[in-house]
Every structure is written in structure tokens, then in C-alpha cells.
Amino acid sequence: MLIALLPGDGIGPEVIAEARRVLTAVCGNKISFEEAPVGGAGYKAAGHPLPQETLDLAKRARAVLFGAVGDPACDGLERRLRPEQAILGLRKELGLWANLRPATMFPELADASTLRPEVAKGIDLVIVRELTGDVYFGTPRGRRTTETGRREGFDTMRYDEDEVRRIAITGFEMAKRRRKRLCSVDKANVLETSQLWRDVVIEVSADYPDVQLEHMYVDNAAMQLVRAPAHFDVIITGNLFGDILSDQASMCVGSIGLLPSASLRDWRGALGLYEPIHGSAPDIAGQGKANPLGTILSGAMMLRHSLDLDDEAAKIEAAVAKALASGARTADLGGTTSTRDMGEAVLAAL
Ligand code: NAD
Ligand code: IPM
Ligand code: MN
């Protein structure tokens, strides 16, 4: 089974290298890799953040394992050439509308969370983030100069009911298989987009009488996430709110370097893109300081959702817990373990 390996920029190649070693150790010749440039690396290699050959590889592969994109040297480029367009383009081109971002507390890491241990204890939530709509993709958008000569920028927040319905169904189906609690996060007190979101979620809820549904405004959700994070089971939310809340949830369980994600077009699997939720971390790139566990755990999600290798996925997850139990800690977790040595610790635990 072919895996498209897209390391990208900054710490992307460093964390992808460790995930590759772990996946190879667990899966042997059941999987093979083909690598291609994306982001700033894509721009440098082929003049575009998502070169055609890279996109073709992603479409050919069974799954995509993605590092991170973003390069300060490219921030001056026009928007369509910026590294971030690579990941947005892949999501759109591959139709990956559902983004699962689980945040689970490893008991070994109780001391790494910035929350008090009794608050962080037992966090086990998954954010289901809509990924191909919202203000990220709504039109019109742009910059212009008004009649009075002032510059303005504008974006369009937009959802249609089908986009909301499929995310709602995804959230309910997941909740049904978990603790049967679904929290829908919106801003329906202010936004029309959110009122439609809430209306559709309520309609879908009729098919799931066993799942307890609650609605929460996003500002309150941000607060509740640090007040009582263990309250949450499955959260469904739009693209922008999900982006923000998932970075916050990562810190509740210890570090942004820990959180994996799966981007799917059908929550039951098939082709998917797997990536840690963090970015290219230019501040620590090239120093061997990056935590590779979010990428390694993304590899495990890939095995489970796209490759039907559940046992192998569970092996990787158990090895990560064991590596942490052995005391391995990268700098973000308060330790001195290097990226490579963290990979080694997972390999040793396997
Ligand atoms: P970031 O996630 O790259 O970094 C935020 C902070 O977290 C930094 O201090 C960084 O050092 C730290 N961090 C991130 N990942 C880490 C890891 N694995 N181990 C240890 N520490 C880690 O976010 P940013 O600084 O806002 O953005 C940097 C670039 O990444 C930007 O160009 C941004 O657009 C891009 N970005 C890309 C993705 C993606 O590829 N999916 C996601 C987020 C940001
Ligand atoms: C993420 C990132 C991306 C997003 C950026 C790089 C386009 O922050 O995957 O969380 O906003 O979706
Ligand atoms: Mn983000």
C-alpha cells in the first residue's frame, strides 16, 4: 500500500523521518513510501506550493502522511503561492471535509499540562472540525480600496446545509461509539452561518436519540476547555473555530507536538490525509528539538482509518505511551530528549 510522504517545511521533515521509521518497523513490506515536496519546499522545487506531481502522487496513494508547511521566507509571496496553500489545496482537491483531532491525556504526562493535574485528568475528547468550507473558502474575499481611499479586506463566512449535515452525522456516529455526548460549537447568537449550523444539527439529532446533544457558543467553549476539559467527548464545529480550539485542546494534554489528525472524506475511512496539528515551527526548525509524537500518532491514525491495520495502529499507540512512561520528554514536554531519540524511544518500546 502506497503512502505519499509530504514532509514540507521547517520541522516537517524532522518529524516525518521519525514517523517513517516507526511505520516501517511496524508494517514492514505491507507499506511503501513515495516522497514529494510541498509548501515552501514545493515552491523552491517547482515554483508552486502544491506542484502538480505532488498532487498526482497524493491522488494515487492509499493515504497521505503530511508534515507541516510554512516558511517565513515565503510570507511576502502573493497568497496563491504561499506554503499554506499546499495544505488548503490538498484538503479541497481531495475533498477532505472531515478533520478528526483527538486530544487524550496520557497519564504519564500529568505534569506536562499547564492545567492542574486534577483538571487535566481524564481528558479524552475529539474535535471534529469541518475542513473545506467556512470563511476559509467562502467567496467573495479580497482586498480593495474604498471610494474614500481606505484599504479594506473582506472574507465570507458561509456554510450550506449539506456541509453541516455531513459533519453533524460524523459527530453523532462517533459519539455513538464513544461516551455518547456531542457538543456542537457555534456562534449562533451573532452569526447567520452559525444559526443554520445549529438548526441542521438539531434536525440530525432526531436520528440519534441515544446521543446527548448540547450546543455551546465558541467563546464559552474556549473557556470550558480550560475549566473542565474532561467534560467533553465529541465536539463538532466549523473550520475556523475548530482550528483555534484544537490548538488550545493540545495544550490541555501537554503540548501541541502531541496531537495527531485525520482528514477524511468519509469518516469510515478510504483515502485520507494524516498530519500533526502543529505547523512548521520555524523557531525550533533544524535543531532536533521538535516533538515527533503527533506525527507518529498521525501515522497510527492512518493505519487505522485508511489501511485497515488496526493491530499495527494499536501497537504504535502503546509504544508511544511506553516511551513516555520510560521518561522520554522532548523540550516542549519539559525534557531534553531530541527528535531522533524520541523516535528511538518509540522504536525501543515496540
Ligand atoms: P506552529 O504550530 O508552527 O508553532 C507554534 C509554537 O509551537 C512554536 O513555538 C513551536 O516551536 C511550537 N511547536 C509546534 N510544533 C511543535 C513540535 N512538534 N514540537 C515542539 N514544539 C512545537 O505555529 P506558528 O508558529 O503559528 O506557525 C508557523 C508556520 O506554520 C506558519 O507558516 C503557519 O502558517 C504554519 N502552519 C502550518 C500548519 C500545517 O502545515 N498544517 C499548521 C499550523 C501552522
Ligand atoms: C492547521 C493549520 C492550517 C489551518 C493552516 C496552515 C492553513 O493551522 O492545519 O491547523 O488553518 O487549517
Ligand atoms: Mn491550526
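The values are calculated or read from the model by the stated rules, or taken from the named source; none is laboratory data. Model, not experiment: these values are computed from the prediction. When we count neighbours, we look across all protein chains shown, and the Cβ atoms used for this are built from the backbone with ideal geometry, even at glycine. For accessibility, only protein heavy atoms count, side chains too; no ligands or nucleic acids. Shrake-Rupley method; radii C 1.70, N 1.55, O 1.52, S 1.80 Å.
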Selection count where residues are open to solvent by 10 Å² or more (accessible area, probe 1.4 Å), within 16 Å of ligand 1 (Cβ to nearest atom) and not charged (D, E, K, R), scope segment 225-259: 6
Positions within segment 10-33 being within 17 Å of LEU273 (Cα to Cα) and part of a loop (DSSP other than H, G, I, E, B), in sequence order: ILE31
Members of segment 34-53 found to be under 19 Å from GLY272 (Cα atoms) and within 16 Å of ligand 2 (Cβ to nearest atom), listed by number: VAL38, GLY39, LEU50
ARG91, sole failed condition from (1) surrounded by fewer than 19 Cβ atoms within 10 Å (Cβ to Cβ); (2) in the same structural domain as GLY47 (by TED's automatic domain parsing): (1)
Pairs with Cβ under 7 Å, 6+ apart, first in segment 209-237 and more than 10 Å from VAL185 (Cα to Cα) and assigned by TED's automatic domain parsing to the domain that holds VAL128, second of a type in the set (Gly, Ala, Ser) and in a loop (DSSP other than H, G, I, E, B): ALA230/GLY122
Pairs, first free of Cβ contacts under 8 Å to residues at least 40 places away in the same chain in segment 241-252, second more than 8 Å from ligand 2 (Cβ to nearest atom) and open to solvent by less than 10 Å² (accessible area, probe 1.4 Å), C-beta under 7 Å, six or more apart: GLN248/LEU225
Close pairs from segment 146-167: first outside any loop (DSSP other than H, G, I, E, B), partner among the hydroxyl-bearing types (Ser, Thr, Tyr) and open to solvent by 70 Å² or more (accessible area, probe 1.4 Å), Cβ under 8 Å, at least 6 apart: ARG151/THR145; GLU152/THR145
Residues that are in contact with a Ser or Thr (Cβ under 7 Å, 6 or more places away or on another chain), crowded, with 23+ Cβ neighbours inside 10 Å and not in a helix (DSSP H, G or I), drawn from segment 279-327: ALA290, ASN291, PRO292
